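**Q** Quick one: the structure is below, questions incoming.
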Amino acid sequence: MLAELLIAMALAQGPDPVAAALARFEALGAYQATLHSRGTRGEEVIRYSYRRPGHIRLDMITPQRGAVLVYRPETRRVRVWPFGAPGPSLSLRPTHRLVRSARGHRVDQSDLGSLLRNVQRLQRQGELRALGESRLGEHAVFHLAVQGAPGQAVGEVNRYELWLDAEHGLPRRVVSFDRHGRELERVTLDELVLDPPLPDDHFSP
């Protein structure tokens, strides 16, 4: 516990915890997590897999249980198995409305690196505030907020709140707000595993 708090304090006192989190992401070869996303249009639960340089797999748990989406950077296409893999599939561009989230998020821009780069875009002309140390379940986390300048936004987002894991510095929870302070989306990463072995056939079911 003491070691975790010391790491959290180092993050708080460091030059830039968002840059540190992005550097940690760039050092990863892969990760997996269960994403719990809650927004104005309901909730989603997804088993998410990422492998550098940008292979992404989404196994839907709710609401489209069993559906699988795979993005491969070499083809720049999203293959979709609506009823599970193997089975009938579609090959779509990442901009296609059928493979974008309710908030317009693209599969090929859904990884932690894309999120942290969006946070940095707000941070450049805005401000970062440390909100203190806390816990999310069994994890010690460092809570911070990035507020964009007046009129500044990334898409609809003018403010992010992040809970960075005190052990590895990556997000455990992210909440986004619009310029009126209304919550847009809340995403929690559970069962986060760093650098799991993910073979090629995981992204070619």
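The values are calculated or read from the model by the stated rules, or taken from the named source; none is laboratory data. Being a predicted model, the structure only gives us computed values, none of them experimental. Every residue, glycine as well, gets a Cβ built from its backbone with ideal geometry; the counts of neighbours run over all protein chains shown. Please note that ligands, DNA and RNA were not included when accessible areas were found on the heavy atoms of the full protein model with its side chains. Shrake-Rupley method; radii C 1.70, N 1.55, O 1.52, S 1.80 Å.
**Q** Consider the range 144-184. How many of its residues are buried (at least 19 other Cβ atoms within 10 Å of the Cβ) and more than 15 Å from the chain's Cα centre (by Cα)?
**A** The total comes to 7.
**Q** If you don't mind, another one. Quick one: how many residues across the range 98-123 are outside any loop (DSSP other than H, G, I, E, B) and closer than 18 Å to I46 by Cβ?
**A** Count: 11.
**Q** Given the condition within 30 Å of R182 (Cβ to Cβ) and either part of a strand (DSSP E or B) or at pLDDT 95 or above (or both), answer yes or no: does some residue in the range 78-92 qualify?
**A** Looking for residues that are within 30 Å of R182 (Cβ to Cβ) and either part of a strand (DSSP E or B) or at pLDDT 95 or above (or both), one finds at least one in the range 78-92, hence yes.
**Q** Do you know which residues across the range 92-106 are open to solvent by 50 Å² or more (accessible area, probe 1.4 Å) and without any contact (Cβ under 8 Å) to a residue 40 or more places away in the chain?
**A** Answer for the range 92-106, where residues must be open to solvent by 50 Å² or more (accessible area, probe 1.4 Å) and without any contact (Cβ under 8 Å) to a residue 40 or more places away in the chain: R93, T95, H96, R97, L98, R100, H105, R106.
**Q** Report yes if S114 is of a type in the set (S, T, Y) and surrounded by fewer than 16 Cβ atoms within 10 Å (Cβ to Cβ), otherwise no.
**A** When the stated conditions are applied, S114 passes them.
**Q** Report every pair of residues separated by at least 6 positions or lying on different chains whose Cβ atoms are under 6 Å apart, first residue within the range 183-205 and part of a strand (DSSP E or B), second open to solvent by 60 Å² or more (accessible area, probe 1.4 Å) and of a type in the set (S, T, N, Q).
**A** none
**Q** Also, quick follow-up: Suppose we keep only residues that are of a type in the set (S, T, N, Q) and open to solvent by 60 Å² or more (accessible area, probe 1.4 Å) within the range 19-78. Which one would you say is nearest to V157 (Cα to Cα)?
**A** First, the residues of the range 19-78 that are of a type in the set (S, T, N, Q): 32, 34, 37, 40, 49, 62, 64, 75.
Right, trim to open to solvent by 60 Å² or more (accessible area, probe 1.4 Å) and you get 40, 64, 75.
Numbers: T40: 14, Q64: 26, T75: 30 Å.
This residue is T40.
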